[in-house]
Amino acid sequence: MRIVTKDFGGQVMITGYLHEMDEELPNIKEYPSILILPGGGFRICSSKEAEPVAMEYFAAGYQAFVLSYTTVTKKPDATFDDPMNDVAQAFGWLAENKQHFLMADGKLALLGFSGGGHLAAAYSTRADIRPDALILIYPGIVSSAHRALNCPDIPERVDKNTPPTFIVGMRDDQVTPPYHQLAFADALQKADVDYEIHIFKGGMHGISLGNSYTSAGLSAAVDPDFAQWMQMSKNWLKKQFGDFMVYGQSDGAKFSVNTPVGKLLKDEKAKAVLAENFPMALKAGENPQAKGMPLLSLIRYMPGDHDDVIEELDKRLKEI
């Protein structure tokens, strides 16, 4: 893992947790990304909604970034425009470094907790350049006395350009009750924007991952039901962004690059595809050990870069 940081001044900083090219993962050339906005009512940026969350997405194959944005603790005379500008700067910096950070095009999600959720929703309904997906965890959406800044209501700004959204709330939340999440979902419904919403029964506000790690020792902050949101969000993002390349996945295909070499050599059409695209496999197939190997594994053992060959072989073999 490579860690990068960018100081925007005024104690505003973005931290990135990055995957790098790995010769043992040759099917991955670029990664989906997520920018996390911790909550804290614009008084703080909660640490338990920052790195612990980034590590969950990093482990799922995301380039994960956390933005510590302007709060009244950092800048007593702050207005809502300050954190909005912080998010805009972060998006600009990520765009400038997209290739350097191996970030896939069209696969940048924005996630916000509580006040950070309000900020994420506001940015995603107002900015010219918006995220490709939005995740809101117990977000504040409408006016509330719990936030230290005067924040705009969100629902009226929702339009067809609002990104697909995954929303999580808690029925017993006394800070951002379900009417916040339901108001945003209703606006998305009216704008015909794709969304998924989950309202769990229990869990205290600020519960983060809902496990012992982010509980601060409070039993009320450990809720196995609520903790499911993380995996659910990953599943939802996979529907939005797709998955990493796994060769040979095709319903009903007889052959692919995952087929053992020996089986391919017994079929005249498959053998002809090998002869045209990877003749080394014909000779290797004389080896008893090689015959039992998936074609993909055999190709990986060969020196050189064969990614183009693999894609063409997989396509041709699946057509048989």
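State whether one or more residues within the range 68-81 are free of Cβ contacts under 8 Å to residues at least 40 places away in the same chain and under 20 Å from Pro152 (Cβ atoms). Scanning the range 68-81 turns up at least one residue that is free of Cβ contacts under 8 Å to residues at least 40 places away in the same chain and under 20 Å from Pro152 (Cβ atoms).
Just to be sure before I move on: is Leu37 without any contact (Cβ under 8 Å) to a residue 60 or more places away in the chain, over 28 Å from Tyr247 (Cβ atoms), surrounded by 22 or more Cβ atoms within 10 Å (Cβ to Cβ) and touching an Asp or Glu at 6+ places or on another chain (Cβ under 9 Å) in the structure I sent? When the stated conditions are applied, Leu37 does not pass them. Contact map, the range 168-186: residues that are buried (at least 18 other Cβ atoms within 10 Å of the Cβ) paired with residues that are polar (S, T, N, Q), Cβ distance under 6 Å, separation 6+ or inter-chain. Pairs shown: Gly169/Gln181. If you go through the range 40-69 and pick out every residue that is over 19 Å from the mean Cα position of the chain (by Cα), crowded, with 24+ Cβ neighbours inside 10 Å and hydroxyl-bearing (Ser, Thr, Tyr), you end up with 1. Pairs meeting the criteria (first residue in the range 216-239 and within 14 Å of Ala133 (Cβ to Cβ), second residue modelled with pLDDT under 95, beta carbons under 8 Å, at least 6 apart or on different chains) are lacking. Could you tell me which residue of the range 201-210 is nearest to the chain's Cα centre (by Cα), considering only residues that are touching a residue at least 24 places away in the same chain (Cβ under 8 Å) and either surrounded by 23 or more Cβ atoms within 10 Å (Cβ to Cβ) or closer than 15 Å to Gly140 by Cα (or both)? Filtering the range 201-210 for residues that are touching a residue at least 24 places away in the same chain (Cβ under 8 Å) and either surrounded by 23 or more Cβ atoms within 10 Å (Cβ to Cβ) or closer than 15 Å to Gly140 by Cα (or both), the one nearest to the chain's Cα centre (by Cα) comes out as Ser208.
Given the criteria more than 15 Å from the chain's Cα centre (by Cα), at pLDDT below 95, more than 20 Å from Ile44 (Cβ to Cβ) and buried (at least 24 other Cβ atoms within 10 Å of the Cβ), does Ile129 qualify?
When the stated conditions are applied, Ile129 does not pass them.
When you check Gly92 against the structure, is it part of a helix (DSSP H, G or I) and free of Cβ contacts under 8 Å to residues at least 12 places away in the same chain, yes or no? The answer is yes for Gly92.
Confirm whether Asp7 is outside the structural domain of Tyr301 (by TED's automatic domain parsing), acidic (Asp, Glu) and assigned to a strand (DSSP E or B). Here the answer is yes, as Asp7 does meet what is asked. Within the range 253-307, being within 36 Å of the chain's Cα centre (by Cα) and either among the hydroxyl-bearing types (Ser, Thr, Tyr) or farther than 24 Å from Glu23 by Cα (or both) holds for Ala253, Lys254, Phe255, Ser256, Thr259, Ser297, Tyr301. Could you tell me whether the range 191-200 includes any residue that is touching an Asp or Glu at 6+ places or on another chain (Cβ under 6 Å), crowded, with 17+ Cβ neighbours inside 10 Å and either without any contact (Cβ under 8 Å) to a residue 40 or more places away in the chain or not assigned by TED's automatic domain parsing to the domain that holds Ala290 (or both)? Yes, the conditions are met somewhere in the range 191-200.
Look at Leu35 and say whether it is modelled with pLDDT of 95 or more and out of contact with any Pro (no Cβ under 6 Å at 6 or more places or on another chain). Against the criterion (modelled with pLDDT of 95 or more and out of contact with any Pro (no Cβ under 6 Å at 6 or more places or on another chain)), Leu35 qualifies. For the range 43-60, the criterion of being hydrophobic (A, V, I, L, M, F, W, C) and assigned to a strand (DSSP E or B) is satisfied by no residue at all. In the set Leu94, Leu25, only one residue is buried (at least 17 other Cβ atoms within 10 Å of the Cβ) and either under 27 Å from Lys238 (Cα atoms) or under 20 Å from the mean Cα position of the chain (by Cα) (or both); that residue is Leu94.
The values are calculated or read from the model by the stated rules, or taken from the named source; none is laboratory data. In this text, all values refer to a predicted model and were calculated from it rather than measured experimentally. Glycine also receives a Cβ, built like all others from the backbone with ideal geometry; neighbour counts cover every protein chain displayed.
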